[in-house]
Amino acid sequence: MKRSSCLAAVAVAASILALTQGPAYADSPRGQERAELREDVSTAVWTSEDPQAVVDGFSDLEQELFEEAINNMTAETAVSDFELLGPDDEQVQAMGEEAVELARIGQERAEAGVAAAQQQTQAAACYRHYQYDEWYDLGFHTGDTWMELKWCHNGSSVTSHSVSQAGGVGYKGNEYEGLNRYYTRDVNWEIRKAAQFNFNFFGASAQPCTQIRGGDGRYSTRMDCNLS
């Protein structure tokens, strides 16, 4: 380890040790004190040249705070791509003849000069939204996830949908271990689909979610699995 990195890691570790052993932390820290300690713990991990060694040396409280931090990561959208689908799209064809017909109608309307995203009245069509997000633990870039949802709408309700891709990648030594599960809720006029991703942060587990909601010529996204 470089001398500068070593000194920085020692300084952070000393700060954490002082906080965890001080009388104010006889019980589990709370409020602003807990937030500051959680930041120190994350900084110790993400600025180290050997994050695994840092995590392996954590006390029970430090481990608790680290897991708390990675399970409350924030997301920044890197790519958000929404478009109308045509009847030749493979996923549309896989959804059946009704989907193909709805996509054909939507494409004909678009070719006639009526943009799908500007429709004020209900109309049949099929759509795609691709979402790529970067995840951060207190400002430290820890990994990326992506998800693509395709759906068809007959003007009043969603008739079919599918996820064509979803995945992730870990940074700074943590590992992406695949999809945990999908969550689905069909509220008739809109399909809500969430993908929950599984990351291994040096033995600690985090499961961030990406959610796409698709309706009639529109979509929205959320970074959680709450479909209500």
- [ ] Pull out the extension gain between E36 and E177, defined as 0.36 nm times the separation in residues minus the alpha carbon to alpha carbon distance; nm, one decimal.
- [x] 47.8 nm
Open item on the list: In whole percent, and with a 1.4 Å probe on the protein chains, what portion of the accessible area of the stretch 88-228 is carbon and sulfur?
Closed with: 42
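With charges set only on the Cβ (+1 for Lys and Arg, -1 for Asp and Glu), what does the dipole of the stretch 45-148 come to about its Cα centre, in debye to the nearest 20?
Values: 3 positive and 24 negative charges, 149 e Å.
Dipole size: approximately 720 debye.
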- [ ] Evaluate the distance, in nm, between pseudo-label points positioned 7 Å from the Cα of S157 and of A94 along their respective Cα→Cβ axes.
- [x] 2.4
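So what is the accessible area of the stretch 89-228 per residue, in Å², with the probe set to 1.4 Å? Each step should come with its number before you reach the end.
Values: 6210 Å² over 140 residues.
Result: 44 Å² of accessible area for each residue.
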Task: Rg to Rh, two decimals, where the stretch 48-92 supplies the alpha carbon set and Rh follows Kirkwood - done: 1.40
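How big is the charge dipole of the stretch 156-228 about its Cα centre, in debye rounded to the nearest 20, if each Lys and Arg gets +1 on its Cβ and each Asp and Glu gets -1 on its Cβ? Don't skip to the answer; put the middle values down first.
Numbers: 8 positive and 6 negative charges, 23 e Å.
In total the dipole reaches around 120 debye.
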Open item on the list: Please list, ordered by chain and number, the residues whose modelled amide H lies under 5 Å from the amide H of E190; skip anything fewer than 5 residues away on the same chain.
Closed with: V158
Open item on the list: Let me understand the stretch 103-228 better: what is its radius of gyration from the alpha carbons, and its Dmax, in angstrom?
Closed with: 16.8, 55
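The values are calculated or read from the model by the stated rules, or taken from the named source; none is laboratory data. All of these numbers come straight from a predicted model, not from anything done at the bench. Reconstructed Cβ throughout: ideal geometry from the backbone, glycine too, with neighbour counts over all protein chains shown. Note: accessible area is taken over every heavy atom of the protein model, side chains too, but ligands, DNA and RNA are not part of it. Shrake-Rupley method; radii C 1.70, N 1.55, O 1.52, S 1.80 Å.
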